[in-house]
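Only one structure is covered here, and it is reproduced in the block below.
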Amino acid sequence: AQRVTQPEKLLSVFKGAPVELKCNYSYSGSPELFWYVQYSRQRLQLLLRHISRESIKGFTADLNKGETSFHLKKPFAQEEDSAMYYCALLGYNKLIFGAGTRLAVHP
Amino acid sequence: DAGVTQSPTHLIKTRGQQVTLRCSPKSGHDTVSWYQQALGQGPQFIFQYYEEEERQRGNFPDRFSGHQFPNYSSELNVNALLLGDSALYLCASSFRQGNPTNEKLFFGSGTQLSVL
């Protein structure tokens, strides 16, 4: 069965600290993975996807097929990064979301 | 471009009633997906419409049905409402053009449904 697991409901860090939001997936095929973000009072929006191998707002994510993970990382957190982050898997033409992790960056 | 628009923004119904939610996709998009987001959970895939047909379906009962119109707008219908149907219903559009892996979704703000 396809599944996305985000083990942390809340991640609280101070400004300038490194951030790693964890995401593990279960999928028998070759997955496409995404990170979506929802800032306060805004819509859910795409942050990045693994096929693009891009860095958006300083965030990167590497697909590790051996560990079935797609963790989101940023070396120095900013207060404006505070938001809800969702990892998502495209499998069998369906986009499956994890439960999300709230990132709180304190000054 | 107004992006993805959903109506209504809030809705209150009682158990057993039926509800219709509406979605207009972002200009240029041809595919609409519906998600249910319960409090504290991630969005759960309900179904996807492309070329006026249901193309994919998640693990939701037949009480959940939909429709896509020639102008690409879509409706989500839920019959025989249960208390557990209370959730935020999100519509997302994308430009698929027959490519099912093009899943850069643009989300609407959602319809908050409360079933009493």
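Conditions (1) open to solvent by less than 70 Å² (accessible area, probe 1.4 Å); (2) part of a strand (DSSP E or B); (3) of a type in the set (A, V, I, L, M); (4) on the phi < 0 side of the Ramachandran plot, marked per residue:
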site	(1), (2), (3), (4)
A:P7	no, no, no, yes
A:G29	yes, no, no, yes
A:L33	yes, yes, yes, yes
A:Q42	no, no, no, yes
A:L46	yes, yes, yes, yes
A:K73	no, yes, no, yes
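For region A:9-27, enumerate the residues that are free of Cβ contacts under 8 Å to residues at least 60 places away in the same chain, open to solvent by 60 Å² or more (accessible area, probe 1.4 Å) and in a strand (DSSP E or B).
Initial filter on region A:9-27 (free of Cβ contacts under 8 Å to residues at least 60 places away in the same chain): A:18, A:20, A:24, A:26.
Next, from what is left, pick out any that are open to solvent by 60 Å² or more (accessible area, probe 1.4 Å): A:18, A:20.
Residue satisfying the conditions is A:E20 alone.
When B:R57, B:R15, B:R22 are checked against the criterion of being under 14 Å from the mean Cα position of the chain (by Cα) and more than 22 Å from A:A99 (Cβ to Cβ), B:R22 stands alone in meeting it.
Candidates in region B:94-116 are the residues that are more than 8 Å from chain A (Cβ to nearest Cβ), at pLDDT 90 or above and open to solvent by 30 Å² or more (accessible area, probe 1.4 Å); of these, the one that is farthest from A:L48 (Cα to Cα) is B:L116.
Here's the yes/no breakdown for (1) modelled with pLDDT of 95 or more; (2) assigned to a loop (DSSP other than H, G, I, E, B):
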| residue | (1), (2) |
| --- | --- |
| B:I12 | yes, no |
| B:R15 | yes, yes |
| B:R22 | yes, no |
| B:Q41 | no, yes |
| B:L81 | yes, yes |
| B:L90 | yes, no |
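Sub-7 Å Cβ pairs linking a first residue in region B:55-83 that is among the acidic types (D, E) to a second residue that is open to solvent by 60 Å² or more (accessible area, probe 1.4 Å), at least 6 apart or interchain, are B:E75/B:R22; B:E75/B:H67, ordered by first then second residue. Within the set A:E54, A:E67, A:E79, the sole residue that is exposed (fewer than 15 other Cβ atoms within 10 Å of the Cβ), at negative phi, modelled with pLDDT under 90 and among the acidic types (D, E) turns out to be A:E54.
Every test in (1) at pLDDT 90 or above; (2) outside any loop (DSSP other than H, G, I, E, B); (3) under 22 Å from B:Y89 (Cα atoms); (4) more than 13 Å from the chain's Cα centre (by Cα) is passed by A:L89 save one, and that test is (4). Scanning region A:88-102 for residues that are within 7 Å of chain B (Cβ to nearest Cβ), open to solvent by less than 30 Å² (accessible area, probe 1.4 Å) and farther than 10 Å from A:Q6 by Cα turns up A:L90, A:L95. Checked against (1) modelled with pLDDT under 95; (2) assigned to a loop (DSSP other than H, G, I, E, B), B:E54 passes all but a single condition, namely (2). Of all the listed residues (B:Q68, B:Q36), the sole one being at pLDDT 95 or above, away from chain A (no Cβ under 14 Å) and either farther than 21 Å from A:I96 by Cα or open to solvent by less than 40 Å² (accessible area, probe 1.4 Å) (or both) is B:Q68.
Checking each residue in region B:57-76 for being of a type in the set (A, V, I, L, M, F, W, C) and in a strand (DSSP E or B) picks out B:F64, B:L76.
The values are calculated or read from the model by the stated rules, or taken from the named source; none is laboratory data. Keep in mind that what you see is a predicted model, and the values were worked out from it rather than measured. Ideal geometry is used to build each Cβ from the backbone, glycine not excepted, and the neighbour counts take in all protein chains shown. For the accessible areas, the whole protein counts, side chains as well, though only heavy atoms, and no ligand, DNA or RNA atoms are used. Shrake-Rupley method; radii C 1.70, N 1.55, O 1.52, S 1.80 Å.
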